[in-house]
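Heads up, the thing below is written out as structure tokens.
The values are calculated or read from the model by the stated rules, or taken from the named source; none is laboratory data. This one's a predicted model, so the numbers in the text were calculated from it and none came from an experiment. Cβ atoms come from the backbone with ideal geometry, glycine included; neighbour counts cover every protein chain shown. Areas reflect the complete protein model, heavy atoms only, side chains present, ligands, DNA and RNA absent. Shrake-Rupley method; radii C 1.70, N 1.55, O 1.52, S 1.80 Å.
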Amino acid sequence: MEIELDAATFKTRFTTFVNEWKASRTTPEWGESDALCIVVGGKDEDVLYQRGTTLHTWLLGYEFPDMMILVLADKVVFHCSAKKLGLLEPVVRKAGIPFELIKRTKDEAANAEALQQLITLLAGSNGGKKIGGFQKDRSKGKLVDQWLAAVKASGQELENTDISHGVAQVLASKDDAELKTIKAAAKLSSMILKRHFVEEMMDMVEEGKRVKHSAIAQGIENLLEDEKARKKHKLPSDFPYELTDWCYPPIIQSGGKYDLKAGAESNSEALHEGTVLASLGIRYKSYCSNIGRTYLMNPDKTKEKNYTFLLELQDHMLMSIKSGAVCSDVYNVAVSYISQKRPDLLPHFVKNCGWSMGIQFRESTFILSPKHSAKLKAGMVVSITVGFQNLTNPAATDPRSQTYALAITDTYVVTDDTPLLLTDVEKGLEEISFEYDEEAPEEEVKAEKRAEKENSRPTRNSASTEVMDRSARRGLREGNVQAKAENEAKRNEHQRLLHQKMHEEGVRRYQSGGNQGSGEAVEVFKKFASYKSEAQLPRGVQNMQIFVDARSESIILPIYGQAVPFHVSTLKNVSKSEEQDLVYLRFNFVTPGVTKKEMSQPFEDPSATFIRALTFKSSDVSRFVDVFKQINDLKKDTQKRDAERKEKADLVEQDQLQEVRGRRPLRLPEVYTRPLVDKRFPGDLELHTNGMRYQSQLKTGQKIDILFSNIRHVFFQPCDKELIVIMHFHLKNPIMIGKKKTKDVQFYRDVTDAGYDETGGRSRRRVNYGDEDELAMEQEERRRRAGLNKEFRSFAEKVQEASGVNVEMPFRDLSFHGVHSRQLVLIQPTTECLVHLTDVPFLVVSLEDVLLVHFERVVFGLKNFDMVLIFKDYTRPVIHINTINSKDLDNCKEWLDSVDIPFSEGPANLSWPVIMKTVASDPVDFFEMGGWNFLQPASDDEESEEEVSEFEMSGSDMNPSESEDSDEFSGGENPSEDEYSGDSEDEESGEDWDELERKAAKSDSMKGEHPNGKRRSGRDDDDDDRRPSKKRK
């Protein structure tokens, strides 16, 4: 690897280092030194942290073994090999500081002479009595030995002093580049702890594996070299792991033996399911990080209380960590807080609360303990540890659980205010404690379920029960006309009050200024800037040809010798035509004021002059064909992108799913999903802490996360009289499944399985199949249906407990058939909704969103009617359910009345888009004109007039079969006017009563003259009776 030194960084840092020494060299921190001599020997893999190599790394970015640096009063001297000097010389020269390079060679005599020269230079710097260096460094190597021998032989009285504290002050505050490196190291440490250790620990505990602490630590340590393991635990693949190392071997402790010191080691005992302590630190580009967490398995109340206090202690202590704070004061703040709140824990508190970090993992100058008086500086990186050790739990039956420790370690950046956290891993009690519940006795489980069922009451449950009771009673009083009339009178009175309340609320809502205006999204003019300047035009426009620039989404047209760009959004369409040997391209642009659609387009200045069309011709047919294709492709791509952007406009960013830890999540296996994730292949639905996850069995990457906070309704539809059993989720905000946006996600399982022999194959051996086989198959199907219902119902109850959302079941007794989305489906009410869940597209209407229900085509003699659902949000389109059997009208009214939803009815289909647009444009005027009362039945006088017209002869009355058939297949079309009004022409062309009586008498005489003395068949009677109808025009 080629070594490149950063001259700018070296200049900045070396100048700071030298200036700080010159300004404070007479202080104890700098050992009152007259000169500095930094000696670094050969590379020693066993010694990770040396202050001399730390200084090298900080100044140069690399460690230079076998090198001496002398900092004198007037210059800096470097003594090393010729190769190293070749790297140093250009960097030092650019720094602009006085320097001298003394080469070290293979000639021992020359080396001895060079060392003697260095001793002379030291003796001449500021008197040369005290030479500063790193006395605690244990450098070894040939250079070190020769230097010590040379100093001893020189006879110079040079006193060695320690400058560790002075250098630590210089290196304490980190610049932006250093902080960026440490943040990367801290992030990787956090990911390894969270994604590797926690998952591995949970698997070991769940599966009962006995793995040694040292083996777990070794597995973590191998991550930096094991690419397969990193990929398994989803660690970033693009991180430069070749530049990473461990600050120390990872420490895993459990089973009653804990050591909270920095030099602790993982022992060879197996992991114990009690209190587990884990700490690790990544060293990236020589800069360190540190993190540690405590994980509790089945903690008791005392342990939870102690850990909660530990979190409070850390928060309290962090308030005192800021620039200018004394290290001992920070520790004393923690001790004082413990003494006030929990004095019983004070003897168990750690001896120090952390230290400063950087290239050195543990900087002894800045240790948060009672004995250190150094002050913290802004920009310092500190490792903060709070913990209690040797805590006892006498109530524990397991001897290894009777002694435990608690500790939390994080890496922070010191600021002028609150320190900045770099190791963001969950540490709350809920995140680090894991419960392993034992199975409760069956009697207790049943009792709890009964209690839960009694206590959990859906909002509209009583109303729905009332509807079912009314439906049951209605059958018993079928012939009691008086009771039915009384019930209808009560319902009408209740509906009158509901309509009155709805009108008053609307008047109060809009007259007070709420939600006035159209409520529709106003289109805003969007400026399209193809190019900011002429210089950005592509080179191809110089040829004065039509040029399609897909990158800028523009079409450049030559007009009078100028290249004029047009954004593709301004292009309406382009047409191509051929005439003899010429090809014509006509460009039609979007302009205002021509058609209704174009009038709706927003323009910045509609009164400006616009180009409607441009036509170009050419004899180069192939080029124009290619240009025509390029333009259409560009327009398609642009429209597709705009459609996708519009589709995703109302998507809301969801929180992350918090997976269950400490146990396997509750699962609903082998279910299919709608909409499809990819192919129709089963997967598992898992119940987690704050939501659910569907994981496909085909591909691990195919999953659907549904958060409890985003669930509005949950439905469970059993497989009674159905082919599938369903669990359906209606969401508050849509989510993306594949490339589709949806607010409804359904999980189901088929009742029958083609590959499943429901009779066990025993009866298949018989030659003749009879009732025995059919009974066995029926019994097996009933058993299978009951098992599916029980499994899905149980999972639905667990979802209700975890999410707090009531699980609703459709009431099949109140269901009715209707046409929704052009197909006849079964519509079923629930406690809160009106749903259809069996087929796609689904229908889920929340009753709290419904303002009013209007029944259309409610006319005596018609077999069907339509239902229109009007929402409180006037901008929301109404929902039509058409061709409902007229026998279900009374049931629908009864159900709507029971859930306090007003309804109205009318004889004709209305133009609802026009109505809703009118209402939304000016709701104040709408309610002043009577509001929704125009849907109510007419007054008594108007009713009497309508009754007369209803008895007038009309085409529908005279040929009822034809009108009924057309109604059944109309699908909600507006009926003709002839269906509801009389026809004056029929009255004029029809025969009067005298003529009819004369023909009837003639018919009777003809019947009496039959030769056999028998009456003729009813054919003549029928023909005569129908004769007035046949004469209609």
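Numbers below:
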{"read-out": "Violating pairs (Cα-Cα greater than 22 angstrom) within the set Lys646/Lys699; Lys194/Lys301; Lys183/Lys305; Lys11/Lys174; Lys187/Lys231", "value": "Lys646/Lys699; Lys194/Lys301; Lys183/Lys305"}
{"read-out": "Among the listed pairs Lys532/Lys572; Lys84/Lys142; Lys234/Lys740, those beyond 21 Å (Cα-Cα)", "value": "Lys532/Lys572; Lys234/Lys740"}
{"read-out": "The range 166-260: C-alpha gyration tensor shape, a/c 1.5 cut-off, then a/b vs b/c", "value": "oblate"}
{"read-out": "Phi to ³J(HN,Hα) by Karplus 6.51 cos²θ - 1.76 cosθ + 1.60 over the range 398-408, Hz, x for Gly, Pro", "value": "7, x, 6, 9, 6, 10, 8, 9, 10, 7, 9"}
{"read-out": "Neighbourhood charge, 12 Å Cβ-Cβ cut-off, centred on Ser328 and excluding it, Lys, Arg +1 and Asp, Glu -1", "value": "+1"}
{"read-out": "Distant-in-sequence amide H partners of Asn298 (H built 1.01 Å from N, under 5 Å)", "value": "Phe434, Glu435, Tyr436"}
{"read-out": "Most positive-pole-ward Cα, Val725, Phe715, Gln697, against dipole of the range 691-752 from beta carbon charges", "value": "Gln697"}
{"read-out": "Dipole axis of the range 390-430 (+1 Lys, Arg; -1 Asp, Glu on Cβ), positive-most option in Asn393, Thr423, Ile408", "value": "Asn393"}
{"read-out": "Overall form of the range 662-752 per C-alpha gyration tensor (a/c, 1.5; a/b vs b/c)", "value": "rounded"}
{"read-out": "The range 373-405 versus the range 74-111: alpha-carbon centroid distance in Å", "value": "49 Å"}
{"read-out": "Under the Karplus curve 6.51 cos²θ - 1.76 cosθ + 1.60, θ = phi - 60°, whole-Hz ³J(HN,Hα) for the range 573-585, x wherever Gly or Pro sits", "value": "6, 9, 10, 10, 9, 10, 9, 6, 9, 10, 10, 10, 10"}
{"read-out": "Length-normalised contact order for the range 1-141 - Cα pairs under 8 Å, 6+ apart - percent", "value": "33 percent"}
{"read-out": "Contact order normalised by residue count of the range 37-98, Cα under 8 Å, 6+ apart, percent", "value": "29 percent"}
{"read-out": "For peptides 720-732, 406-418, sequence by mean Cβ density within 10 Å, most packed first", "value": "406-418, 720-732"}
{"read-out": "Pairs of Cα atoms farther than 25 Å apart, the range 56-160, %", "value": "18 percent"}
{"read-out": "Nearest-20 debye value, the range 263-383 charge dipole, Cβ charges on Lys, Arg, Asp, Glu", "value": "440 debye"}
{"read-out": "Placed amide H near Ile711: partners under 5 Å, 5+ positions off or other chain", "value": "Lys732"}
{"read-out": "Residues with amide H under 5 Å from that of Ile559, placed H, sequence gap 5 or more", "value": "Val564"}
{"read-out": "Mean Cβ neighbour count within 10 Å, used as a protection proxy, ranking 424-431, 870-877, 690-697, 286-293 highest first", "value": "286-293, 690-697, 870-877, 424-431"}
{"read-out": "Estimated dipole of the range 305-361 in Debye, rounded to 20 [Cβ of Lys and Arg +1, of Asp and Glu -1, Cα centre]", "value": "60 debye"}
{"read-out": "Whole-Hz ³J(HN,Hα) from phi, Karplus 6.51 cos²θ - 1.76 cosθ + 1.60, for the range 784-796, glycine and proline x", "value": "5, 5, 5, x, 5, 4, 5, 5, 5, 5, 4, 5, 5"}
{"read-out": "Shape of the range 381-441, Cα gyration tensor, a/c cut at 1.5", "value": "oblate"}
{"read-out": "Solvent-accessible heavy-atom area per residue, rounded to whole Å², over the range 673-725 at 1.4 Å", "value": "42 Å²"}
{"read-out": "Under 21 Å from Lys501, Cα to Cα: lysines that are on another chain or at least 8 residues apart", "value": "Lys490, Lys872, Lys893"}
{"read-out": "Highest average packing first - 144-154, 213-223, Cβ atoms within 10 Å", "value": "213-223, 144-154"}
{"read-out": "Net dipole in debye of the range 799-949 [+1 Lys, Arg Cβ; -1 Asp, Glu Cβ; about Cα centre; nearest 20]", "value": "840 debye"}
